[in-house]
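The values are calculated or read from the model by the stated rules, or taken from the named source; none is laboratory data. If you're wondering where the values come from, they're calculated on a predicted model, not measured in any experiment. Here Cβ is always computed from backbone atoms with ideal geometry, including for glycine, and neighbour counts include all displayed protein chains.
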Amino acid sequence: MKEISIEMALRFRHPEIVINVVTKSKEGKVDVTPLGWAMLGSSSPNTWAIGVYKKHYSHKSILDTKEFTVCIPSFSQAKDTLFCGANSGWKIDKLPQTNFKILPAKKVSTPIIEDSLACFECKLIDQTK
């Protein structure tokens, strides 16, 4: 087997799942944050385990409201997902600068993104630091 650098080897881990985490602040601002660290945490009850950097705008919104939505982006949403990942919710209102169309969720106040492959309405049940 040919030996390669760690940097080159790490390129083989892609593609990996990317999710869009949608949050809505107490003030009503909707933000979309793409995350690469997400997994199903349990099937009973159904839960998601996500990793959100504590300095992100979405982290504060999740802690304040105790809810969020997980939307699995479609291929057509790639450009907008990349835009949201490259910009901070602390600095700009990302949503108006994308083609994302939001729809009301049924069980939480945080919206979902239309045309996602799947969306999950979530409530914060636990956190680790």
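The table for this structure:
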| item | result |
| --- | --- |
| Qualifying residues in region 50-91 (those that are over 23 Å from T128 (Cβ atoms) and of a type in the set (S, T, N, Q)) - the one surrounded by the most Cβ atoms within 10 Å (Cβ to Cβ) | Q77 |
| Answer residue from region 40-69, given it is aliphatic (A, V, I, L, M) and at pLDDT 95 or above and is nearest to I112 (Cα to Cα) among those | I62 |
| Qualifying residue in region 27-45 (condition: touching a Ser or Thr at 6+ places or on another chain (Cβ under 6 Å), without any contact (Cβ under 8 Å) to a residue 60 or more places away in the chain, surrounded by 12 or more Cβ atoms within 10 Å (Cβ to Cβ) and among the acidic types (D, E)) | no |
| Residue among D80, D64 that alone is charged (D, E, K, R) and closer than 24 Å to L124 by Cα | D64 |
| Those residues of region 1-28 which are under 20 Å from T110 (Cα atoms) and more than 15 Å from the chain's Cα centre (by Cα), in sequence order | K26, E27, G28 |
| Of the criteria (1) in contact with a Cys (Cβ under 8 Å, 6 or more places away or on another chain); (2) more than 18 Å from K123 (Cβ to Cβ), which one K55 fails | (1) |
| Test for K94: is it at pLDDT 95 or above and loosely packed, with under 10 Cβ neighbours inside 10 Å | no |
